[in-house]
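Accompanying notes for the structure given below.
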Amino acid sequence: MKGRAEVARMRQSLDATFQRVAGVGDDLELQSDFARYLCVLVSGYLEKAVAELVLEHARQCGAPSLQRFVELNTRRFTNANAQGLQNLLGSFNPDWRQEFEAFLDDELALVQFNGIFRINRPEPFENTAHCRKAGDMHNCLILPVFPLN
């Protein structure tokens with residue numbers, strides 16, 4: 001699968017995981033463990049979805065050499081944040097960058113987007129997979145209002 005079909009498959013898998021996790025009950029430590037896991041899944045989904053969609057664009061619009069270039073460069077698209085995604089989208093099409101900036105015009109959307117990747121983390125030993133340790137619990141920003149489609 002490639003392009004939108006692959007993104008849809010990944011989204012379906014992510015949605016199924018959220019549904020399974022919804023039934024974990026009131027155990028805060030268990031919820032914390034699943035929150036860390038979901039942080040990793042959501043950030044990975046976003047990184048892979050963006051890479052897959054820009055690669056599909058290259059497949060449709062460019063020569064094989066462009067496709068290889070895009071594939072190699074999107075492999076390095078990890079630990080993304082809003083600025084990194086703006087730069088990547090803008091390198092393909094300035095209109096895409098502007099559309100993404102308009103989406104992030106709302107300060108809450110920007111905080112939510114960057115929060116998924118936790119770009120301002122404390123010491124590395126206090127973090128587990130994009131989460132911040134706070135006492136005995138881990139806090140991750142998993143936001144049900146963030147539009148994944």
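The values are calculated or read from the model by the stated rules, or taken from the named source; none is laboratory data. This structure is a prediction, so every number in the text was calculated from the model and none was measured. Using ideal geometry, Cβ is built from the backbone for each residue, glycine included, and neighbour counts are taken over all protein chains shown.
Could you please let me know if Y45 is farther than 25 Å from Q86 by Cα, assigned to a helix (DSSP H, G or I) and not hydrophobic (A, V, I, L, M, F, W, C)? When the stated conditions are applied, Y45 does not pass them. The set of residues in the stretch 75-119 being β-branched (V, I, T) and part of a helix (DSSP H, G or I) consists of V111, I116.
Selection of first residues in the stretch 63-85 that are farther than 16 Å from L53 by Cβ and of second residues that are modelled with pLDDT of 90 or more and loosely packed, with under 13 Cβ neighbours inside 10 Å, restricted to Cβ pairs under 7 Å at least 6 apart or on distinct chains, gives an empty result. Residue count for the stretch 74-100, restricted to those that are of a type in the set (D, E, K, R), surrounded by 15 or more Cβ atoms within 10 Å (Cβ to Cβ) and at pLDDT below 90: 0.
Listed here are the residues, each with its yes/no results for (1) surrounded by 14 or more Cβ atoms within 10 Å (Cβ to Cβ); (2) in contact (Cβ under 8 Å) with a residue 60 or more places away in the chain; (3) of a type in the set (S, T, Y).
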site: R4; (1), (2), (3): no, no, no
site: D15; (1), (2), (3): no, no, no
site: G25; (1), (2), (3): no, no, no
site: L28; (1), (2), (3): no, yes, no
site: Q31; (1), (2), (3): yes, no, no
site: C39; (1), (2), (3): yes, yes, no
site: Y45; (1), (2), (3): yes, yes, yes
site: A58; (1), (2), (3): yes, no, no
site: C61; (1), (2), (3): no, no, no
